[in-house]
Amino acid sequence: MSKNNDIEIFDFNLNVNPNKWYQISDTVMGGVSSSNMLIDEHGNGVFTGNVSLENNGGFTMTRLPVKIKKEKHHKKIELHLVGDAKRYQFRIKSTSTQFYWYIHPFEAEKGKHKVELLLKDFYPSYRGNILKLDNFSEDSIMEVAFFIGNKKNEIFNLVIDKIILT
């Protein structure tokens, strides 16, 4: 933890095992999209792959189980990125058995930058449908994920330095 009581959800570096991140794609439904989480020569995480609409596909995701206790002063998640000008979603779950995700879309602008996502703006969604539940207000985060599915064929390459709860 830093002096500001921020919590590093994940800090990529050369010693990180990228296999802790699980890949999920439309292949579970017959699609052909694919992705990987890699570590580049600078120690950044790289969520990279190809989204294909073939066979009614069109999405891929990388996810990581975590155990984060959120305090009242934690109001946002910061993503420290090098973007590729694509639209993504950052997703969180508050329990390990939760069937839906809390979602916050963001633009990964070209170049190095920080994306700030307010926790109160994460909305509940299941398989593309917004649920009639409250937005995120839980006291724990048990899983995080990056998702891409923009209803088009595209190659993507999102470079991630760190994810911080602040």
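Where a number appears in this text, it was derived from the coordinates with a stated rule and is not lab data. Everything numeric in this text was worked out from a predicted model, so none of it was measured. Using ideal geometry, Cβ is built from the backbone for each residue, glycine included, and neighbour counts are taken over all protein chains shown.
When peptides 32-40, 76-84, 151-159 are ranked by their average number of other Cβ atoms within 10 Å per residue, the highest-first order is 76-84, 32-40, 151-159. A DSSP coil position with no more than 12 other Cβ atoms inside 10 Å describes the following GluC sites (Glu not before Pro) in region 1-67: Glu41. Projecting the Cα positions of Thr60, Ile164, His73 onto the charge dipole of region 7-165 (unit charges on Cβ atoms of Lys, Arg, Asp and Glu, taken about the Cα centre) puts His73 furthest along the positive direction.
Put the Cα centre of region 20-59 next to the Cα centre of region 83-125 and the gap is 16 Å. Each peptide in 90-96, 132-138 was scored by the mean count of other Cβ atoms within 10 Å over its residues; highest first, the order is 90-96, 132-138.
In region 7-165, what is the volume of the convex hull around the alpha carbon atoms, normalised per residue and reported in Å³?
Considering the Cα atoms of region 7-165, their hull volume per residue is 106 Å³.
Label-to-label distance for His42 and Lys151 is 3.4 nm, based on points extended 7 Å past Cα in the beta-carbon direction. Taking 0.36 nm per residue of sequence separation and removing the Cα-Cα distance, the Asp11/Glu107 pair yields an extension gain of 32.5 nm. Remark: relative contact order (the chain) = 32 percent; criterion is Cα-Cα distance under 8 angstrom and separation of 6 or more residues. Were the residues from Lys120 through Tyr100 laid out at 0.36 nm apart, the gain over their Cα-Cα distance would be 5.6 nm.
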